[in-house]
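The values are calculated or read from the model by the stated rules, or taken from the named source; none is laboratory data. Quick caveat, the model's predicted, so the values are computed rather than measured. Please note: Cβ atoms are built from the backbone with ideal geometry, for glycine as well, and neighbour counts cover all protein chains shown. When the accessible area is computed, the model is the full protein with side chains, heavy atoms only, and any ligands, DNA or RNA have been set aside. Shrake-Rupley method; radii C 1.70, N 1.55, O 1.52, S 1.80 Å.
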Amino acid sequence: MENNLQGVLKGQKIAYFSMEIGLRNEIPTYSGGLGVLAGDTIRSAADLNIPLVAVTLVSNKGYFRQKLDASGTQTELTEEWTPSNFMTWLPQEVSVKIQGRDVKIQAWHYNCKSLTGGCVPIIFLDTNVEGNSPEDRRITDFLYGGDHTYRLKQEIVLGVGGVRMLNALGFKIRKYHMNEGHSSLLALELLKCNGKECPIVKDLCIFTTHTPVEAGHDKFDYSLVEDMIRDQNDMEILKKYGGEDRFNTSLFALNLSDYVNGVTKRHSRVSSELFPGYSIQAITNGVHSYTWTCPYFRDLFDRYMPGWANEPELLVRIGGIPDDEIWEARRKAKKALIDEVNKRTGAGMEYETFTIGFARRMTAYKRATLLLSDIERLRKVNRRGKIQIIFAGKAHPRDEAGKQLIRDIFKSIETLRNEVKIVFLENYDMDLAAKMVSGVDLWLNTPTRPYEASGTSGMKAAHNGVVNFSILDGWWIEGWIEGVTGWSIGPMPEENLIGEEARVAELNDLYNKLYYIIVPMYYERKDDWLKMMNNSIGMIAYYFNSHRMMRRYVTHAYL
Ligand SMILES: *Cc1c(COP(=O)(O)O)cnc(C)c1O
């Protein structure tokens, strides 16, 4: 395997720290959008020759493999994987102090290579090192597993250990980019290396927050932090920058970063309200165009818009592609998904039927069951024009509400058994995501506002001519033009409806637009539907891609 570290040490780099990274399906070190975004960030940096090195944990036991029984009850199997099949074990060793012990850290090296010749090295930190206690060896096993203590140990390894490992490997770092607050302890290490000079550290650090609600930000009791860190000087620093009552990783990162951003315009405004007095910029997320465009559309784009993969702006020229060729690419992508669904479930879904997709982490605010909440109105839609629905998504092992959502969907599947075909596909991962976002006709998103900081799966759908139908939250506020790029559900962005009032408005739009606009257009006005498909590509994908995002990070944050 060609994973040469020498070749990638040249020059000064941006160090990109993320608890999870979704590089490829066989490397299960991601749980959802945050990790896939990190993967897309790395892929675009490699394509664009941006000098980046990424740091994460190896998560030897992965996130988890989802099993569902007949009632939709989820059980979690470990997703053991073998890093040595993909990566090179590096000889360098560093250590961090946890509870007074020296915990040794080594690392795996993986190169993300681009066809353009660019390459981003990724350092996977691993505490499964000889000499560590059995307990310490397991620190880098489970992504988002364990309790607060386990998580804090992981954050010490990622932040403090990550900085030390980059130094030990010989990387010269000019900026440290924290993808979410999990890695904010890197700033503690930087303070100690720079004479506790806050301005020096701030100049080095960039912080991207992803969490739009107060409760979502990682916080640790100082008693726990003290037990883990056991160094009075360190504790003083943590308390000075990390909040009075509890150690708030986001606040720590905010106080020690000159450049802070949210992941959409709306999210940066919401974050500014959450953290008054801080200047929080906006860099709207994007997805890696090549990765999330299905093979059929890749071929088409290659023929008509050569160079599109490294310059997704070219997708603006979608109008030059003959309609029948676009239809043909859609037809093939849809067939591939329907065949996969039928193979997996025996549901007998049909190629010609209007197909709605909903797949993402199963967690309460994403409201996977909103579409199923009024079965009578859904039946009515189905009488207007036949529909079928495909769901997928994992619930975090400790998210009981998320798990209940899956069981609720299974109940609805039973209720509608002989009327509307609905399936829930097991074990949502990057490969299944790619099939779903390209194979359905309509991509549905129904989060509770303002919880969806960005959302990215709708951007993936748009790259494949799949039309979005979503609540106006996160990225969709910026991508949505009613009846042109897709449709909205519920209150306008500036409307402040909450609770039951918002829900009534949302349900009305959800069912009425399906009944009166969307389903009839699909079946009866193919030309109009084709226009929506074109606009998804030419007006959404051309902008909501990670090449545009990374160029913004370079000009606004890195330089
Ligand atoms: C893109 C992606 C996500 C994020 O989906 P959202 O709808 O933006 O939450 C989650 N999981 C996987 C596997 C993905 O590919």
> From the residues in the stretch 355-365 that are within 15 Å of MET436 (Cβ to Cβ) and not hydroxyl-bearing (Ser, Thr, Tyr), which one is farthest from the ligand (Cβ to nearest atom)?
Replying inline: ILE356
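Identify, please: which residue in the stretch 406-434 is within 24 Å of GLU20 (Cβ to Cβ) and of a type in the set (A, V, I, L, M, F, W, C) and is, among those, nearest to the ligand (Cβ to nearest atom)?
Among those that are within 24 Å of GLU20 (Cβ to Cβ) and of a type in the set (A, V, I, L, M, F, W, C), it is ALA433.
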>> For the list (1) touching a strand residue (DSSP E or B) at 6+ places or on another chain (Cβ under 6 Å); (2) open to solvent by 60 Å² or more (accessible area, probe 1.4 Å); (3) touching a residue at least 12 places away in the same chain (Cβ under 8 Å), I need the number of the one condition that LYS97 fails.
In response: (1)
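Residues checked against (1) in a strand (DSSP E or B); (2) more than 24 Å from VAL8 (Cα to Cα); (3) touching a helix residue (DSSP H, G or I) at 6+ places or on another chain (Cβ under 6 Å); (4) not small (Gly, Ala, Ser):
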{"site": "LYS61", "(1), (2), (3), (4)": "no, yes, no, yes"}
{"site": "LYS97", "(1), (2), (3), (4)": "yes, yes, no, yes"}
{"site": "TRP108", "(1), (2), (3), (4)": "yes, no, yes, yes"}
{"site": "ILE122", "(1), (2), (3), (4)": "yes, no, no, yes"}
{"site": "GLN154", "(1), (2), (3), (4)": "no, yes, no, yes"}
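Which residue out of TYR304, TYR351 is closer than 30 Å to LEU68 by Cα, away from the ligand (no atom under 16 Å from the Cβ) and open to solvent by 10 Å² or more (accessible area, probe 1.4 Å)?
Sole residue among the options that is closer than 30 Å to LEU68 by Cα, away from the ligand (no atom under 16 Å from the Cβ) and open to solvent by 10 Å² or more (accessible area, probe 1.4 Å): TYR351.
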> Does GLU495 satisfy being modelled with pLDDT of 95 or more, closer than 25 Å to THR369 by Cβ and in the same structural domain as PRO447 (by TED's automatic domain parsing)?
Replying inline: yes
> Tally time: how many residues in the stretch 357-383 are surrounded by fewer than 22 Cβ atoms within 10 Å (Cβ to Cβ) and under 20 Å from ARG417 (Cβ atoms)?
Replying inline: 11
>> Cβ-Cβ distance below 6 Å, separation of 6 or more or different chains: which pairs start in the stretch 16-30 with a residue that is over 24 Å from LEU185 (Cβ atoms) and end on one that is open to solvent by less than 10 Å² (accessible area, probe 1.4 Å)?
In response: PRO28/GLY62
> So is ASN179 closer than 22 Å to LYS13 by Cβ and in contact (Cβ under 8 Å) with a residue 24 or more places away in the chain or not?
Replying inline: yes
>> Against the definition (buried (at least 22 other Cβ atoms within 10 Å of the Cβ), assigned to a loop (DSSP other than H, G, I, E, B) and touching a Pro at 6+ places or on another chain (Cβ under 9 Å)), how does ILE27 come out, yes or no?
In response: yes
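What residue, of GLU244, GLU236, is more than 16 Å from the ligand (Cβ to nearest atom) and modelled with pLDDT under 95?
Every option except GLU244 fails the conditions.
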>> Just the residues that are open to solvent by 10 Å² or more (accessible area, probe 1.4 Å), in contact (Cβ under 8 Å) with a residue 12 or more places away in the chain and over 29 Å from TYR30 (Cα atoms), please, taken from the stretch 414-434.
In response: THR415, GLU419, LYS421
> How about the stretch 366-394: which of its residues are out of contact with any strand residue (DSSP E or B) (no Cβ under 7 Å at 6 or more places or on another chain), assigned to a helix (DSSP H, G or I) and away from the ligand (no atom under 12 Å from the Cβ)?
Replying inline: LEU370, LEU372, ILE375, GLU376, ARG377, LEU378, ARG379, LYS380, ASN382, ARG383, ARG384
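Out of GLY357, GLY346, which single residue is without any contact (Cβ under 8 Å) to a residue 40 or more places away in the chain, of a type outside the set (Lys, Arg) and not assigned by TED's automatic domain parsing to the domain that holds ALA46?
The conditions single out GLY346.
Per-residue answers, yes or no, for (1) away from the ligand (no atom under 14 Å from the Cβ); (2) within 22 Å of GLU79 (Cβ to Cβ); (3) open to solvent by 20 Å² or more (accessible area, probe 1.4 Å); (4) of a type in the set (Ser, Thr, Tyr):
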| site | (1), (2), (3), (4) |
| --- | --- |
| HIS396 | no, yes, yes, no |
| GLN404 | yes, no, yes, no |
| MET436 | no, yes, no, no |
| ASP441 | yes, no, no, no |
| THR446 | no, no, no, yes |
> Out of all the residues in the stretch 31-69, which are more than 16 Å from the ligand (Cβ to nearest atom) and either among the acidic types (Asp, Glu) or free of Cβ contacts under 8 Å to residues at least 40 places away in the same chain (or both)?
Replying inline: ASP47, ASP69
>> So for the stretch 528-537 (the condition being among the charged types (D, E, K, R), within 16 Å of the ligand (Cβ to nearest atom) and free of Cβ contacts under 8 Å to residues at least 60 places away in the same chain), does at least one residue qualify?
In response: no
> Out of ILE338, ILE326, ILE356, which single residue is touching a strand residue (DSSP E or B) at 6+ places or on another chain (Cβ under 6 Å) and either over 28 Å from ASN508 (Cα atoms) or not in a loop (DSSP other than H, G, I, E, B) (or both)?
Replying inline: ILE356
> In the stretch 448-492, which residues are open to solvent by 10 Å² or more (accessible area, probe 1.4 Å), more than 10 Å from the ligand (Cβ to nearest atom) and touching a residue at least 60 places away in the same chain (Cβ under 8 Å)?
Replying inline: THR448, PRO450, TYR451, ILE477, GLU478
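Determine if the stretch 2-17 includes at least one residue that is within 16 Å of the ligand (Cβ to nearest atom) and under 27 Å from GLY286 (Cα atoms).
No: the stretch 2-17 contains no residue that is within 16 Å of the ligand (Cβ to nearest atom) and under 27 Å from GLY286 (Cα atoms).
Which residues, taken from the stretch 152-191, are of a type in the set (Lys, Arg) and surrounded by 16 or more Cβ atoms within 10 Å (Cβ to Cβ)?
Of everything in the stretch 152-191, those that are of a type in the set (Lys, Arg) and surrounded by 16 or more Cβ atoms within 10 Å (Cβ to Cβ) turn out to be LYS153, ARG164, LYS175.
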>> Given (1) farther than 30 Å from ILE318 by Cα; (2) at pLDDT 95 or above, identify the lone condition not met by LYS265.
In response: (1)
